[in-house]
Structures are given as C-alpha cells and as structure tokens.
Amino acid sequence: MATINLRDKLKKTRQTFKDKFEDFFHSDKDREEIIDELSETMILADVGISSTEKIIDALRQKSKKSDHFPRIKQILEEEIIKILSQYPSDFNLSADHSVVMLVGINGGGKTTSLAKLAYHYSQEGKHVLMVAADTFRAAAQEQLALWGRKLNIPVIKGQYGADPASVIFDALQSFRARQSDLLLIDTAGRIHTNINLMQELEKIRRVIQREIDEAPQEILLILDASTGQNALIQAREFLKFSGLTGVFLTKLDGTAKGGSVISIVEELQLPIKFVGVGEEEKDLLFFSSQEFVRALLS
Amino acid sequence: MLDQLSNHLQKAMKYLRGEGKITEKNMTEALRMIRLALLEADVNYKVVKEFIEKIKRQALNEKVLSSLSPTQHVIKIVKDELTFILGAETKGLNFSNVPPSVFMMVGLQGCGKTTTCGKLAKWVLSLKKSPLLVSFDLKRLAAQDQIKQISQTLSLPFYEMTKDQVSSPQKALKDLVKFAQSRGFDPLIIDTAGRLHVDEELMKELQMVKNLLNPAEVIYVGDSMTGQDAVKSAQLFNDKVGLSSIILTKLDGDARGGAALSIVSVTGKPIKFVGLGEKFDQFEIFYPDRMASRILGLGDILSLVEKAEKEADAEEAEELARKLRKQEFTLEDFKKQLVQMKKMGSLSQILDSLPTGGIYKGLSKAKIDDKKIVYYEAIISSMTPQERENPKIINGGRRRRIARGSGRPVIEVNQLLKQFFDMKKLMKKSQFQKFLSSLPPLSH
C-alpha cells in the first residue's frame with residue numbers, strides 16, 4: 001500500500017512545473033491579493049466559509065506584509081496541517097479480535113472501502129471476516145460476496161429484508177467461533193435525516209458492544225470527497241447515533257479535493273484515517289495531512 | 001434548512017431595509033452577504049460570482065433606485081433570478097417518434113444512477129408505458145444483479161448484458177433495440193457505468209452508446225449533496241457526451257442543494273425530476289421555484305406574509321382577520337381589502353401562491369378578476385354607509401342608483417353583491433376558518 005503515493009495518483013492536480021509557474025506569476029502581487037486567491041482556492045476545495053475565514057485570520061497574523069507567495073502558501077499549508085494532525089489517525093486494531101464498522105450515506109463507497117481494508121489487513125496476515133449487513137439495497141449482498149470471492153476472504157451474508165442487527169449478531173458468533181482477527185461490517189447507506197435508520201445504527205452498535213468487550217474498536221464514516229458543506233452535518237449525526245472514531249475519505253482520485261473534512265476535524269475532533277483513490281482493492285492510503293494539503297491547495 | 005442561509009439573507013435584507021434607497025455602497029455589502037450565503041449552500045464559486053453580477057446590474061437600475069421599498073425589490077430580484085437560472089418552467093420527458101425511446105443514464109459513482117433507473121421505470125409505468133431496464137455497466141461488481149433485482153421488484157422482465165455481448169457492443173446494442181422493438185418495450189432505460197469523470201475511457205464508451213442508440217434523453221444524475229466540484233463533472237459529461245436533462249438525487253437529506261444551481265448554470269439543461277429516498281416511488285417532478293426557495297430557505301407563504309406586512313397596515317389586517325373569524329365581514333371591509341390587494345399585486349397571484357389542496361380547497365372559488373377590483377371599488381364607494389353595513393337592504397331601486405353613481409352597469413352591481421354573499425358563505429365554512437387560523441400572525 002505504501003508504494004502508492006497520493007501525489008502520483010493526483011498528478012493531474014499537482015506538478016512542480018506548476019509550482020514554479022505559480023511563484024513567477026505571483027511575484028508582483030501583494031499579500032492581500034495572494035490571500036484573496038488562496039481563499040478562493042480553499043472555497044473551491046469545499047473548505048467552507050467559516051473554516052476558510054478562521055484559517056485566513058491565522059495566516060494574516062503569522063505572515064508579514066512583505067511576504068511573497070511561496071512563504072504565504074507555506075504558512076497556510078502549515079496552518080491546515082496543524083488542524084488536520086491534531087488527533088492521532090492510527091487505526092486501532094490492537095485487540096486480538098477487532099471489530100470495524102463502516103457507516104455513511106448512500107453512494108459514498110462503503111462496500112468498496114470495506115473490501116480495500118479487508119484486502120490490506122489480510123495481506124498483513126490477519127484472518128479477516130466480512131459481513132454484509134446491508135439487507136436493503138438491491139444486490140448489496142451479491143456485491144460484497146463477489147468481493148469476497150475475488151479477494152478470497154469469507155463473507156457472512158444476510159437475507160434481504162432481515163434486521164441488520166440480527167445479521168451482525170450471527171456474524172459475531174461466527175467471528176468468535178472462527179477465532180478470526182478482524183471483523184469488517186458493511187452497513188446499509190442511509191441519509192442522516194432518516195431517524196429510524198439512524199436508530200438502527202444505535203441498535204447495531206449496542207449489539208456489538210454487548211457481544212464483544214471494547215468492540216467496535218473502529219467506526220469509520222465513509223465520506224465522498226465531492227461532498228459539500230453537508231459533510232459536517234452528516235458527520236455530526238452519525239457521531240451522535242453510531243459513534244465515530246474517524247473518517248475514511250473516498251474518491252480522492254477525482255477532481256474533488258475533500259476540503260469539507262477540515263471542519264469535521266476541527267468541530268467534531270475526529271481524525272481522518274484512510275483515503276480511497278481508485279476502484280481496486282489496492283487503492284487505499286493511510287491519511288497523510290502533508291500530502292492532503294498539498295493536493296488541496298494545488 | 002431555514003437556518004444559517006436564511007439568517008444570512010435576512011441579515012442582508014435588514015441591512016437594505018434600514019436604507020431609504022439602494023446605493024452602490026450598501027448594495028455591495030448586502031451582495032457580499034448574499035454571496036456568502038450562496039457559497040454556504042454549495043453553489044459553485046464562479047456561478048455565485050456571475051449570479052451576484054447579474055443581481056447587481058438589475059438592482060442598480062433606475063427603477064429600483066427610486067423605489068420606496070428596496071428590500072422588496074432585492075428579494076424579488078434574487079428569487080426571480082434563482083428561479084430563472086433553475087428553469088422558468090417544469091419540463092416533461094422527451095420520447096422518440098419511433099419506439100423504443102432510449103433513456104441513457106449517466107453520472108458519477110454513487111450519485112444514485114441505478115436506483116434512479118428504477119424510479120424512472122416506475123414513473124413511466126404510471127404513464128402506461130412498458131419500460132425495459134438494461135445495465136451497460138460491466139465494471140462494477142453486481143451491477144447486473146442490482147438491475148435484475150430492481151426489475152423483479154417492479155415486475156419487469158430482465159434483459160441481461162453478458163461480458164460476451166459487451167465485447168462486441170455494436171452488435172449487443174443493436175440486438176437490444178431489436179428485442180425491445182419486437183416485444184414492444186418503450187422506453188429502454190440504459191444504466192451506464194459510473195466512474196470518476198477524469199476517465200477518458202468511460203467517456204468514449206458513453207459516446208459510443210449514445211451514437212449507436214440515438215437516445216431521446218441523456219440524463220445526468222447529480223447528487224444534491226455535492227460541493228464545488230458539481231460544476232466540473234456536469235460540464236465534462238455535457239461536453240463529452242452531451243446531456244438533455246438532469247435528475248437531482250438525495251434531496252431527502254438536508255443539504256441546501258446549491259449543486260442544482262451549479263449544474264444547471266454550466267450545462268443549461270433542465271432538471272426534470274428529483275429523488276427523495278431509496279424507494280422507487282420517492283420520485284417527484286422538479287419545480288424550479290420550490291428549489292429556489294429551498295436554496296434561499298424562504299417558503300412561498302413566508303414571502304407572501306412579508307408582502308402583506310409591507311403593504312397593509314398591520315393593525316388593519318389584524319382587525320380584518322378578526323372580523324373574518326367572527327364573520328362580521330361587511331362591504332366596507334371588502335372595499336378596504338380591495339384597496340390593499342391593489343397594493344399587494346394581483347389577487348389571483350396571491351391565491352396561486354397558496355397550495356391548492358387540503359384546507360385551502362375552495363379558496364379558488366373566491367377568485368376575483370383582477371381588472372374588476374377597480375370597478376368594484378367604485379361601486380362600493382357609491383353605496384350609502386347603511387348599504388355597506390347591511391347589503392341585504394339593496395333592492396332594485398338602490399341597485400340602479402348605485403350603478404348610475406359608479407358608472408357601471410347594473411349587472412355588475414349584481415355580480416359584486418353575489419360574489420360578496422358567496423364569500424360570506426365560504427367564510428362560514430369550517431375549512432376557511434381553519435385556513436385563517438393556520439396563517440401566521442401578520443404583525444410581529
């Protein structure tokens with residue numbers, strides 16, 4: 001996994017030639033003009049008005065009027081990195097039998113992300129078990145089953161229309177019986193305004209907690225990088241109902257920059273843990289705030 | 001939804017309200033706030049910029065500058081412009097003259113394309129058509145299974161596209177059209193692979209499908225929660241494939257949906273439907289004015305109240321509402337109301353902005369021809385105070401006198417009286433009383 005570099009994946013948006021051109025282009029601009037431009041870049045990257053303003057305020061304080069573009073941009077990068085690295089983004093699988101649950105709205109990429117995690121940890125030698133707890137969407141069961149076959153990782157399936165909590169309960173029994181190391185739970189996508197479905201997540205979490213001590217170790221919000229200002233609201237609601245330990249940012253190989261995670265980290269004190277950069281099982285990266293910020297501002 | 005965005009707008013509006021006139025200077029400040037509000041609603045930065053420029057030009061013209069009520073003008077301009085960009089009216093689906101009509105669905109991964117295929121199939125079933133769902137997505141795992149299960153749910157046959165078939169797509173698609181023609185399927189709803197739009201290969205594939213099938217509709221499925229990037233993907237699909245219309249998904253969430261404005265602005269294509277949930281019947285026709293209100297966070301009724309607030313003396317309105325409730329409504333009140341209505345704009349327009357169903361039903365019966373307001377005013381002015389208090393005393397002789405005094409024919413006097421008595425009858429109905437009590441108070 002470490003062999004893939006986020007910047008390689010994002011070479012469309014980042015070129016050193018462009019950096020040089022940028023420096024030259026900005027050589028006769030004063031600080032205010034540069035700050036205006038950088039604010040625009042941040043807004044276009046979905047950072048949002050209030051986070052952008054906060055960061056720009058800090059930038060004003062820390063830079064000097066005589067500073068040129070490279071210096072101002074560097075201070076800005078440092079500022080954002082400071083925010084993003086406030087909370088440790090380690091993935092906690094220290095327990096012998098760890099349970100990981102993925103939650104999020106429809107179409108975020110939960111199942112693909114689950115397969116990526118399964119692939120990565122089985123490559124590391126862990127015994128991984130996946131459970132398809134999406135018993136609602138057409139072909140969700142088949143989708144994960146096909147991933148399982150492709151990656152040679154066992155999948156616990158449920159019946160369409162079954163209570164997902166009961167599917168997970170069965171999976172937990174099987175997980176214990178098999179003595180597997182890691183249980184990865186794929187839940188159905190849900191819009192956070194649907195209270196019934198959000199309460200279903202609450203119930204799922206209770207079932208897991210009751211069955212296995214300290215579990216679930218990780219609950220990740222799957223967030224599409226192209227999501228706008230609604231991202232913070234989504235994260236807040238999922239945090240409230242399912243609980244969250246971090247964010248898995250998907251589809252970062254497109255043109256969207258995923259800037260909306262900045263306000264999530266800031267306001268909800270949640271780290272970003274993984275980044276998805278493609279459709280294949282290997283297209284998974286641990287989050288690096290440096291690389292994320294460079295891509296964000298390019 | 002009403003929260004931050006409308007707070008911002010209201011702040012902006014108040015700023016204007018304090019001023020007698022719109023000047024370039026205070027206009028700039030107000031527009032800056034509207035700009036921020038739109039950005040928070042995820043409208044693309046560049047789209048916002050253009051939008052603000054347009055508003056600025058319109059608001060700064062002479063008529064607005066000399067107006068006594070700048071707030072009203074700015075609200076109207078902002079909302080009108082938003083509605084204009086979103087499309088002046090609701091548009092239906094295009095069908096081909098020769099069946100089958102092909103609807104080709106395109107969009108990014110996870111935008112809700114496949115679910116929307118099912119919704120669209122259900123919709124055309126209600127038009128007494130017989131749709132066929134086909135997935136041309138061979139990349140995503142279980143894409144065929146998903147369409148198969150959706151077809152089963154809707155009791156439609158399933159036409160599978162196998163890997164072999166798609167290895168010679170020209171033939172596969174021709175076979176498909178022949179199949180549809182011979183079995184009488186129309187429309188053919190084609191689901192395509194979703195990928196990130198940077199993918200040239202996908203674009204070529206979509207172009208090929210389009211060239212072979214000559215679709216009646218190429219529908220871009222867009223996620224309403226998308227941020228600034230909405231512009232790029234919609235534009236790319238429009239440039240490379242060519243779109244005919246748009247369906248906006250996930251509007252059951254609480255995103256303000258600024259993406260709608262971005263997508264329509266860059267493609268110039270109409271939004272025809274919106275998706276409001278995971279079930280196949282959670283699908284509705286798109287209404288540009290409602291979307292404008294959603295983005296602005298102001299309901300139609302709210303703006304109506306605001307209108308009434310400005311134009312009518314609040315106390316008088318309260319008094320009128322009290323009388324309506326107690327059914328003490330007289331011709332004198334009727335006249336006062338006519339005068340206010342003239343100020344507020346056309347009555348039929350006001351009635352139109354209220355919902356037509358439920359408790360509001362029957363209100364349309366009270367509809368008055370706008371031109372007649374002036375005549376009615378003249379007729380009532382020609383009555384004595386006693387006649388206005390107690391119209392039952394108006395006999396044939398009095399009618400002729402009133403007609404002469406107002407310069408209107410007797411028949412019109414009769415019409416007015418009939419309408420007045422009809423209105424009184426309507427007011428006695430519990431429905432109308434309920435309607436009245438459902439209105440928010442007119443004064444703060």
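The values are calculated or read from the model by the stated rules, or taken from the named source; none is laboratory data. Note that this is a predicted model, so its numbers are computed, not measured. Here the Cβ is made from the backbone with ideal geometry for all residues, glycine too, and neighbour counts use every protein chain on show.
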Quiz prompt | Subset of the range B:179-208 that is in a helix (DSSP H, G or I) and closer than 16 Å to B:Ala143 by Cβ - its residue that is farthest from the other protein chains (Cβ to nearest Cβ) | solution = B:Leu206
Practice problem: Please indicate, with yes or no, whether at least one residue in the range B:219-232 is small (Gly, Ala, Ser), buried (at least 24 other Cβ atoms within 10 Å of the Cβ) and more than 10 Å from chain A (Cβ to nearest Cβ). | Solution: yes
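For every residue, the table says whether it meets (1) more than 30 Å from B:Glu278 (Cβ to Cβ); (2) touching a residue at least 40 places away in the same chain (Cβ under 8 Å); (3) β-branched (Val, Ile, Thr); (4) buried (at least 22 other Cβ atoms within 10 Å of the Cβ).
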position: A:Glu79; (1), (2), (3), (4): yes, no, no, no
position: A:Ser89; (1), (2), (3), (4): yes, yes, no, no
position: A:Leu102; (1), (2), (3), (4): no, yes, no, yes
position: A:Lys126; (1), (2), (3), (4): yes, yes, no, no
position: A:Phe136; (1), (2), (3), (4): no, yes, no, no
position: A:Leu146; (1), (2), (3), (4): no, no, no, no
position: A:Asn152; (1), (2), (3), (4): yes, no, no, no
Self-check item: Verdict on A:Ala235 being in contact with a helix residue (DSSP H, G or I) (Cβ under 6 Å, 6 or more places away or on another chain), under 25 Å from A:Glu279 (Cβ atoms), in a helix (DSSP H, G or I) and within 14 Å of chain B (Cβ to nearest Cβ)
Solution: yes
Self-check item: helices (runs of 4 or more DSSP H) wholly inside the range B:337-423 that include at least 3 residues being among the charged types (D, E, K, R) and either at pLDDT 80 or above or surrounded by fewer than 16 Cβ atoms within 10 Å (Cβ to Cβ) (or both)
Solution: B:385-389, B:396-406
Self-check item: Hits in the range A:114-157 (condition: closer than 21 Å to B:Asp145 by Cα, of a type in the set (Gly, Ala, Ser) and within 14 Å of chain B (Cβ to nearest Cβ))
Solution: A:Ala115, A:Ala132, A:Ala138, A:Ala139, A:Ala140, A:Ala145, A:Gly148
Quiz item: Got a sec? Which of A:Phe274, A:Phe241 is modelled with pLDDT of 95 or more and within 20 Å of A:Arg205 (Cα to Cα)?
Solution: A:Phe241
Quiz item: Is it true that B:Pro169 is in contact (Cβ under 8 Å) with a residue 40 or more places away in the chain, within 27 Å of B:Val124 (Cα to Cα) and buried (at least 20 other Cβ atoms within 10 Å of the Cβ)?
Solution: no
Practice problem: Any residue in the range B:78-100 that's surrounded by 18 or more Cβ atoms within 10 Å (Cβ to Cβ): show its pairings with residues that are basic (Lys, Arg) at Cβ separation under 8 Å, as long as the two are six or more apart or on different chains. | Solution: B:Leu93/B:Lys272
Quiz prompt | Pick from the range B:233-270, criterion touching a Phe, Trp or Tyr at 6+ places or on another chain (Cβ under 6 Å) and outside any helix (DSSP H, G or I), ranking: nearest to the other protein chains (Cβ to nearest Cβ) | solution = B:Ile247
Exercise. Please specify each residue of the range B:107-132 satisfying the condition of being more than 24 Å from the chain's Cα centre (by Cα) and among the β-branched types (Val, Ile, Thr).
Key: B:Thr114
Exercise. Would you mind finding the one in B:Lys139, B:Lys163, B:Lys119 that is within 30 Å of A:Lys251 (Cα to Cα) and buried (at least 24 other Cβ atoms within 10 Å of the Cβ)?
Key: B:Lys119
Practice problem: Could you give me the residue pairs with C-beta distances under 6 Å whose first residue belongs to the range A:184-203 and is of a type in the set (Ser, Thr, Tyr), whose second residue is at pLDDT 95 or above wherever it lies, and which are 6+ apart or on separate chains? | Solution: A:Thr187/A:Val103; A:Thr187/A:Ala133
Exercise. Search the range B:38-66 for residues that are on the phi > 0 side of the Ramachandran plot and pair each with any residue that is at pLDDT 90 or above when their beta-carbon atoms are under 6 Å apart and the residues are at least 6 apart or on different chains.
Key: B:Asp42/A:Gly228; B:Asp42/A:Gln229; B:Asp42/B:Gly227; B:Asp42/B:Gly258; B:Asp42/B:Ala259
Quiz prompt | Qualifying positions in the range A:179-221 - of a type in the set (S, T, N, Q) and assigned to a helix (DSSP H, G or I) | solution = A:Asn196, A:Gln199, A:Gln209
Quiz item: Of everything in the range B:243-265 that's more than 18 Å from A:Ile43 (Cα to Cα) and aliphatic (A, V, I, L, M), which residue is surrounded by the most Cβ atoms within 10 Å (Cβ to Cβ)?
Solution: B:Leu248
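So that you can scan it fast, the table gives a plain yes or no per residue for (1) in a helix (DSSP H, G or I); (2) touching a Ser or Thr at 6+ places or on another chain (Cβ under 8 Å); (3) polar (S, T, N, Q):
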residue: A:Leu117; (1), (2), (3): yes, no, no
residue: A:Leu129; (1), (2), (3): no, yes, no
residue: A:Thr135; (1), (2), (3): no, no, yes
residue: A:Leu144; (1), (2), (3): yes, yes, no
residue: A:Lys150; (1), (2), (3): yes, no, no
residue: A:Gly161; (1), (2), (3): no, yes, no
residue: A:Ala165; (1), (2), (3): yes, no, no
residue: A:Ile168; (1), (2), (3): yes, no, no
residue: A:Leu172; (1), (2), (3): yes, no, no
Quiz prompt | Of residues in the range A:158-169 being in contact with a Gly (Cβ under 9 Å, 6 or more places away or on another chain) and surrounded by 18 or more Cβ atoms within 10 Å (Cβ to Cβ), the one nearest to the other protein chains (Cβ to nearest Cβ) | solution = A:Pro164
Exercise. Test each condition in (1) out of contact with any Asp or Glu (no Cβ under 8 Å at 6 or more places or on another chain); (2) away from chain B (no Cβ under 14 Å) for A:Gly246 and report the one that comes out false.
Key: (1)
Practice problem: Run B:Ser151 past the list (1) buried (at least 22 other Cβ atoms within 10 Å of the Cβ); (2) within 12 Å of another protein chain (Cβ to nearest Cβ); (3) modelled with pLDDT under 95 and report the number of the one that doesn't hold. | Solution: (3)
Quiz item: Looking only at the range B:214-232, which residues are in contact (Cβ under 8 Å) with a residue 24 or more places away in the chain, part of a loop (DSSP other than H, G, I, E, B) and either outside the structural domain of B:Leu248 (by TED's automatic domain parsing) or not aliphatic (A, V, I, L, M) (or both)?
Solution: B:Asn214, B:Pro215, B:Ser224, B:Gly227, B:Gln228
Quiz item: Do we find a residue being under 21 Å from A:Thr41 (Cα atoms), touching a residue at least 60 places away in the same chain (Cβ under 8 Å), within 14 Å of chain B (Cβ to nearest Cβ) and surrounded by fewer than 21 Cβ atoms within 10 Å (Cβ to Cβ) anywhere in the range A:254-273?
Solution: yes
Practice problem: Could you check how many residues of the range B:116-148 are within 11 Å of chain A (Cβ to nearest Cβ), of a type in the set (D, E, K, R) and either in a strand (DSSP E or B) or closer than 24 Å to B:Thr226 by Cα (or both)? | Solution: 2
